C-alpha cells in the first residue's frame with residue numbers, strides 16, 4: 001500500500017509531463033505542417049527554426 | 001524606342017507609369033494582408049509548386065535575404081508561405097516578384113481579420129481534447145486493470161477515487177465537441193449520434209462517481225473516457241480530411257479580381273477593394289484580368305472570354321459602348337469601363353444569390369450516421385427504460401440495482417464503433433481520391449454521389465478542355481515558323497497560346513516592334529517586312545493578292561505580300577470523355593448535356609459522345625430549373641460543370657463535380673474538384689463513393705452484431721466494467737480493420753473497364769447501341 005502512495009503520483013506525474021509537452025509542441029506550431037517536418041530534416045542548411 | 005525591344009502595348013512604358021503600377025500592386029498586397037503591429041504586415045501566399053525540402057529551403061532562405069522580410073514560414077501541408085514583413089523597409093509586392101524569380105508562382109491569399117492559413121484553430125482544439133482524453137484513458141485503464149485483476153476492496157476504492165479525479169475534468173474538457181453538438185440537435189428537436197454518446201458518457205460518469213462514494217464495487221470511469229478517446233480520433237480524422245480538401249481547393253484560387261483599379265482621376269490610379277466599388281466608377285481592366293463588376297466599355301477595344309458566363313468558348317471582340325458582365329476575362333487590350341453595378345448587384349452576385357437559394361436544399365440532406373441515429377437512439381433509450389421497469393418489477397422496487405442495470409445497458413449500447421464507422425471510411429476514401437487528383441469537400445458528398453442516377457454535363461470546359469487547340473496547321477518554311485513562334489509567344493490570347501503550344505520548342509525569330517492590336521491579332525516587323533498573326537480579314541490587308549471570299553473563322557498568318565496561311569482551331573473533347581460517358585451509361589445512369597452554346601455545336605458533341613439527350617442555349621436559371629424539375633420527379637442528379645453559369649446548377653444538384661480549371665464560383669459550389677485533365681475522375685469518384693457506402697453499411701452491421709451479443713448480458717445485469725471495456729475496444733478495432741480494406745481499391749484500367757462493363761470488346765466504341773438500350777430501358 002505504501003508503495004502505491006509513491007508510485008501512483010509518479011505515474012500520473014509522468015503522464016501529466018507528457019501531456020504538458022504535447023500542449024507545448026502544439027502551441028509551438030509543430031503540428032501545423034506535418035508533411036513539411038518530414039522533409040525539412042533533409043535540408044541540412046537550415047539550422048534555425050523560425051517561429 | 002529602339003528596335004527589338006520587348007514591347008507590349010499594355011506594359012508600363014516609362015518610369016512614371018512603372019511606379020504607378022508598383023503602387024497598385026502594393027495596395028493589392030496590403031489589401032490581402034493582416035496588420036500585425038505598426039508597419040508589420042503578415043501576408044500568406046499560396047505556392048502550389050512547393051514540393052520538397054529543397055523548395056522549402058530555397059524559399060525560406062531566399063525570402064529571409066530580403067530586407068523587408070522579418071520572418072518566413074513555409075507550410076508544405078497547405079502549400080502556403082506565411083511572411084511577416086516590414087512596410088517601412090520595402091514593398092510587399094516585391095515578395096511575389098522575388099518568388100517568381102526563384103521559380104515559384106505565388107498567389108495572394110486574402111486573409112480576414114484574425115485568420116491565417118497556417119493555423120487551424122478547430123484542429124488544435126480537437127488535438128488538445130484528444131490528448132487530454134488519451135492521457136486520462138491510459139491512466140484510468142492502468143488503475144482499472146489492477147482492480148479487475150483482483151485488488152482488495154480498500155485499494156479498489158482508492159483507485160476509483162483517483163480515477164474519478166482524473167475522469168471528471170477530462171470528460172468535461174474533452175467531451176465538449178459531443179455535448180455541444182448533442183445540445184444543438186436536441187434544441188432543434190432532432191436526434192443525432194452525439195445524443196446517445198453524450199448520454200452514455202455522462203450517465204456512466206455520474207453513476208461511477210456515486211458508486212465510488214458509496215460501496216465502491218464497480219465503476220465505469222475507464223469506459224466513459226476510452227469512449228471519448230476513440231470518438232475523438234474519428235472526429236479528428238474527419239477534420240483533417242476537410243482541412244486538406246479545403247487547402248487543396250484554396251490553392252486553385254487564382255488572383256482574381258478582389259478589387260479593381262479606379263481611374264476616376266487618370267493621373268493617379270488607385271486600387272479599390274471589391275466592396276468599395278460603386279456604380280459610376282471608372283475602372284481600368286488590364287489583359288488577363290477579370291471584370292470585378294458589370295460595366296460598360298468607355299475606352300479601348302479588346303477580345304473577351306465570356307465562356308464562364310455564357311458557356312460559349314469563342315472569344316468575342318468588344319469595343320466602346322459594349323456592356324460586359326462581372327467575371328468576364330479580358331484577354332488582349334487594356335480597357336476602361338464605367339461600373340454599372342456594385343459588387344452587391346452585379347451578374348456575379350445574382351448568380352451567387354441563386355446558388356445560396358439552391359444550396360439550402362442540399363443542407364437538409366441527412367447523412368447516413370444521423371439517419372442511423374434516428375432509429376438507434378430511440379431504440380436504445382427505450383431498451384434502457386424497459387430494463388429499468390423490468391428490474392423494478394423483478395426486484396420488487398430496488399431502485400439502486402434497477403438504475404444500475406439500465407445505465408449499464410446505455411453504456412454497452414453506446415455507439416462507439418458507430419461513431420468510428422463513418423469517419424474512418426470517409427477519410428480513407430478521401431485519401432484514395434486525393435491520390436488520384438480528386439478533392440472531395442466533405443463526407444456526405446460520398447453518400448450523395450453514391451445515390452446518383454442521372455448525370456448532367458456542361459459542355460464547354462467540362463466535356464471539352466475549354467482551351468482551343470490547333471487541329472490543322474499549314475505547311476510553313478522555317479523562317480515563317482520562327483515568326484509564328486515569336487508572335488504567338490507574345491500574346492495571352494488563347495488562340496495564340498494554342499499555336500505556341502503546337503510549335504512547342506520551336507526557335508523564335510528575332511522580331512521588332514511587336515504590337516498586339518486588340519480584337520485583331522498581333523503584328524511585328526521581321527527581316528522581310530511586316531508579319532501578322534490574327535483574324536483573317538486583318539491579316540489579309542498585308543498579304544499578297546489573296547481575295548478573301550468567305551469569312552474564315554480560324555487564325556491566319558502572313559508575311560508582307562506573302563500568302564495567307566490558316567490555322568484551324570477547335571475546343572477539343574477531353575481525351576477520355578467518350579469512354580467515361582459510355583461507362584456511365586453502361587452503369588445504368590442517364591447521361592445528358594446542358595450547354596449555353598448553340599444547338600449545332602452541342603449536337604455535334606452529343607453525337608460524337610453518344611449522348612441522346614441534350615439541351616442548348618441554357619441560361620443559368622434554365623439549368624437550375626431543369627435540375628430542380630428532375631429532382632422533384634425523384635431523380636438524383638450529379639452535375640458536372642465549370643462555369644459561372646453552371647454554379648447555381650452545381651449547388652442545386654444532389655451532388656456536383658467541377659474541374660480545377662473551373663471558375664472560382666463553380667469550384668466553391670461543387671462537392672468534388674478534380675485536378676487532372678481526365679474526365680475519368682467522374683467514374684472513379686462514383687466507384688469509390690459506392691464502395692465507401694458498402695463499407696459503412698458493413699461497419700454498421702459489425703457494430704450492431706457486437707451490441708446484439710452484449711445487450712442480453714446487460715439487460716440481465718451480467719455486464720461488468722471489464723466486459724464493457726473488452727466489447728467496446730474489440731468492436732472499434734474490427735470496424736477500423738474493415739474500413740482499412742478500402743485501401744485495396746485499384747483504379748479501373750480505363751479501356752478494360754469500358755469493355756468489361758460492356759461485355760464485348762467492340763462495345764466501347766459503339767455508343768449508339770448504349771443510347772438505344774437506354775431509350776429502351778426508359
Worksheet entry | Helix axis angle, B:416-435 relative to chain B longest principal axis, alpha carbon, degrees | 20 degrees
Fill in: For segment B:430-489: Kirkwood Rh in Å [reciprocal of mean 1/r, alpha carbons]
16.3 Å
Worksheet entry | Fraction of alpha-carbon pairs over 43 Å apart in the protein assembly as shown - percent | 44 percent
Discussion item. Which residues does the label zone of residue B:165 cover in segment A:3-23, counting backbone N under 14 Å from a point 7 Å along Cα→Cβ?
Written reply: A:4-14, A:16
Worksheet entry | Mean residue ellipticity (222 nm) of chain B, computed from DSSP H runs ≥ 4 via -39,500 (n - 2.57), nearest 500 | -16500 deg cm²/dmol
Worksheet item: So how compact is segment B:148-214: Cα radius of gyration and Dmax in angstrom?
Response: 15.0, 48
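Go ahead and run the numbers for FRET between residue B:399 and residue B:723, Cβ-Cβ distance against an R0 of 25 Å, rounding to 0.05.
E(calc), rounded to 0.05, equals 0.60.
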Worksheet item: Which percent of Cα pairs goes in each bin when the distances of chain B are cut into 10 angstrom slices starting at zero?
Response: 2, 11, 18, 20, 18, 13, 8, 5, 3, 1, 0, 0
Response to the item:
Expressed as a percent, the portion of alpha-carbon pairs in segment B:42-162 spaced more than 26 Å apart is 46 percent
Discussion item. Quick one: the Cα spread of segment B:573-705 along its three principal axes, in angstroms, biggest first?
Written reply: 58, 30, 28
Discussion item. Compute and list, largest first, the equivalent-ellipsoid semi-axes of segment B:371-464 from the alpha carbon gyration tensor, each √(5λ) rounded to a whole angstrom.
Written reply: 49, 15, 6
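Highest mean first, how do B:174-186, B:635-647 rank when packing is the count of other Cβ atoms within 10 Å averaged over residues? Before the final figure, lay out the partial values.
Working: B:174-186: 17.9, B:635-647: 27.9.
The most tightly packed comes first, giving B:635-647, B:174-186.
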Fill in: Square roots of 5 times each gyration tensor eigenvalue, C-alpha, segment B:455-593, largest first, Å
36, 15, 12
Discussion item. Along the Cα→Cβ direction, 7 angstrom out, place labels at residue B:451 and residue B:517. What is the inter-label distance in nm?
Written reply: 5.9 nm
Discussion item. Compute the angle between helix B:347-363 and the longest alpha-carbon principal axis of chain B, please, reported from 0 to 90 degrees and rounded to the nearest 10.
Written reply: 20 degrees
Practice prompt. Scale the Cα Rg of segment B:355-425 by the rule-of-thumb value 2.2 N^0.38 Å and send over the ratio, two decimals.
Written response: 1.63
Worksheet item: How far apart, in nm, are two points set 7 Å out from the Cα along the Cα-to-Cβ line at residue B:49 and at residue B:617?
Response: 4.5 nm
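Given a Förster distance of 22 angstrom, what is the FRET efficiency for residue B:338 paired with residue B:598, based on the Cβ-Cβ distance and rounded to 0.05? Numbers along the way, then the final one.
Working: r = 31 Å, r/R0 = 1.39.
The calculated FRET efficiency here is 0.10.
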Fill in: Helix B:93-102 axis, angle to chain B major axis (alpha carbon atoms, nearest 10°)
90 degrees
Fill in: Radius of gyration and maximum dimension Dmax of segment B:44-93, Cα, Å
10.8, 32
Discussion item. Calculate the FRET efficiency for residue B:299 and residue B:560 from the Cβ-Cβ distance with a Förster distance of 45 Å, rounded to the nearest 0.05.
Written reply: 0.90
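Cα-Cα pairs above 13 Å in segment B:617-656: how many percent?
On the way: 319 of 780 pairs.
Pairs farther apart than 13 Å: 41 percent.
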Worksheet item: In nm, what is the difference between 0.36 nm times the number of residues separating residue B:510 and residue B:26 and their Cα-Cα distance?
Response: 170.8 nm
Worksheet entry | Point-to-point label distance, residue B:479-residue B:214, nm (Cα→Cβ direction, 7 Å offset) | 10.6 nm
Worksheet item: Based on the alpha carbon coordinates of segment B:683-750, what radius of gyration and maximum Cα-Cα distance (Dmax) apply, in Å?
Response: 16.5, 57
Discussion item. Between residue B:385 and residue B:740, what is 0.36 nm times their sequence separation minus the Cα-Cα distance? Round to one decimal in nm.
Written reply: 124.1 nm
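Got a sec? How would B:84, B:471, B:611 order by Cβ neighbour count within 10 Å, fewest to most? Walk me through the numbers before you get to the answer.
Working: B:84 19, B:471 14, B:611 28.
Going from least to most buried by this count: B:471, B:84, B:611.
Between rounded, prolate and oblate, where does segment B:510-652 land on the alpha carbon gyration tensor, with a ≥ b ≥ c its root eigenvalues, rounded for a/c under 1.5, else prolate if a/b exceeds b/c? It would help to have the intermediate numbers written out before the result.
Numbers: a/c = 3.30, a/b = 2.75, b/c = 1.20.
Verdict is prolate for segment B:510-652.
Quick note: the coordinates plus some simple rules give every number you see, no bench work behind them. It should be emphasised that the depicted structure is a prediction, and the values quoted were computed from it without experimental measurement. Please note: Cβ atoms are built from the backbone with ideal geometry, for glycine as well, and neighbour counts cover all protein chains shown.
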